[in-house]
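The structure under discussion appears below in the form of C-alpha cells.
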Ligand code: VAH
C-alpha cells in the first residue's frame, strides 16, 4: 500500500488520484493535517512531524511506499524561517526513519529548482552545480536531497527525487509558492478579471504542467533501481516562460484580459532561481520527455477552469 503525506497540496491532490487509478483506491492512503470534505478515498489526519503518529499509520495499513509531499513552500516559508526549517526537515527525518525501520520499499521526495542560488549558470542550469539557495525552503530541499542520498548509501533505502520547476495545475488554488503567479493568472483570466502580477514582466522561470509533473513522478518511481544514477535529486523541466509570455498566449483566447506588474519580495526569490533547466540526466536515465508547452498547457488550463467556474456559478 502507498501513503501520501501532504496529500491536500498542489501535487498531492493530483498525485493521489493518479495513484488510486494505478494501484486501486484501497491501496492508497492519503494523509494531511485536515481532511478535504469532498475527498474520495482512504484518508488519515496526520501531522508528519509526529513520528509516532506516522509510524502508527504505516503499521496500520502495512505501507510499502511513501510519497512525502509535506513542505512549507518558498514564499510562505520566508515568513517564519525557523518554523519552515523545522517542519520541512522533521517531517522528512520521520519519513526516512520510519521507512528504514519498517521495510518501506520506495520513498519519493520532491525537491525544487529552489535549491539553485545566484551563483549558477541561469540558462540550462546543470544537474550538479553549486547549491546556495536564497530561501529557507530551498535550504531545506538541499539538506533533504543530501539526507535522501545518505539513507540510500548507508541503509539501501530506495529514495527517489525530482527538482520540480514551478508546477502549474488547474486542480488547486494558487499556494504559497513564488511560481504561483502562473496559476493565479489563469484563474483571473477565466473570471474576466484583470491580473496584478507580483513578478516583473520579463522574469523567466522554469515551469511544468501538472500532468507532466505527475507523469514524471510515476515514471521515475516505476524505473528499475539500476537505472537511477542520481540519488540526490533529478533536474526536471517542461518549459520556461516569463509573465509577459503567458499573458500573451492567454490573450489570444481571452482578448480583453489585462495585466499590471507590481513586483514584491517574491521578485528577489525569482531572481535567485534559474531561467531554464538542463534535465538531460533524467532523459538519459529513465526516458523523461515532457508533453506540454505553453500553448497546449494554456488550452487545457482555460478549458478546465471555465468548466470549474461555470459549475461553481450553477452550484
Ligand atoms: C515554490 N512552487 O514556488 C514552489 C516551487 C520551484 C517553485 O518550489 O515555492
Rounded to the nearest 0.05, what FRET efficiency do residue 307 and residue 53 have when you use their Cβ-Cβ distance and R0 = 51 Å?
0.85
Name the shape class, rounded, prolate or oblate, that the alpha-carbon gyration tensor gives for the range 181-272, where a ≥ b ≥ c are the square roots of its eigenvalues, rounded holds for a/c under 1.5, and otherwise prolate holds if a/b is larger than b/c and oblate otherwise.
prolate
Round to the nearest 10 and give me the degree value, 0 to 90, for the angle of helix 210-222's Cα axis relative to the longest principal axis of the chain.
20 degrees
Per residue, what volume in Å³ does the convex hull of the Cα atoms of the chain enclose?
124 Å³
Over the Cα atoms, compute the radius of gyration (one decimal) and Dmax (the largest Cα-Cα distance, rounded to a whole number) for the range 152-195, in Å.
16.8, 54
From fewest to most C-beta neighbours within 10 Å, the residues 38, 211, 119 line up as 38, 119, 211
Nearest-ten-degree value, helix 294-314 long axis tilted from longest Cα axis of the chain:
90 degrees
Restricting to DSSP H runs of at least four residues, report the calculated mean residue ellipticity at 222 nm for the chain, -39500 (n - 2.57) per run over all residues, nearest 500 deg cm²/dmol.
-13500 deg cm²/dmol
In nm, the gap between the two label points placed 7 Å beyond Cα toward Cβ at residue 76 and residue 21 is 2.6 nm
Gained length - residue 123 relative to residue 218, 0.36 nm times residue gap less alpha-carbon distance
31.5 nm
Apply the a/c threshold of 1.5 to the C-alpha gyration tensor of the range 11-63 and tell me whether it is rounded, prolate or oblate.
oblate
Helix 10-23: inclination vs the chain longest Cα principal axis, degrees, rounded to 10, gives 60 degrees
Taking the alpha-carbon centre of each part, the distance from the range 70-117 to the range 190-228 in Å is 19 Å
Kindly put 163, 266, 100 in sequence by how many other C-beta atoms sit within 10 Å of each C-beta, fewest to most.
100, 266, 163
In nm, the gap between the two label points placed 7 Å beyond Cα toward Cβ at residue 296 and residue 193 is 3.1 nm
Ranked from fewest to most other Cβ atoms within 10 Å of their own Cβ, 72, 214, 277, 307 fall in the order 307, 214, 72, 277
For the range 37-184, what class follows from the C-alpha gyration tensor (a ≥ b ≥ c being the square roots of its eigenvalues): rounded when a/c is under 1.5, otherwise prolate if a/b is larger than b/c, else oblate?
oblate
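All of the numbers you see were taken from the coordinates with simple rules; none came from a lab. This one's a predicted model, so the numbers in the text were calculated from it and none came from an experiment. No Cβ is skipped: glycine too gets one built from the backbone with ideal geometry, and neighbour counts run over all protein chains shown.
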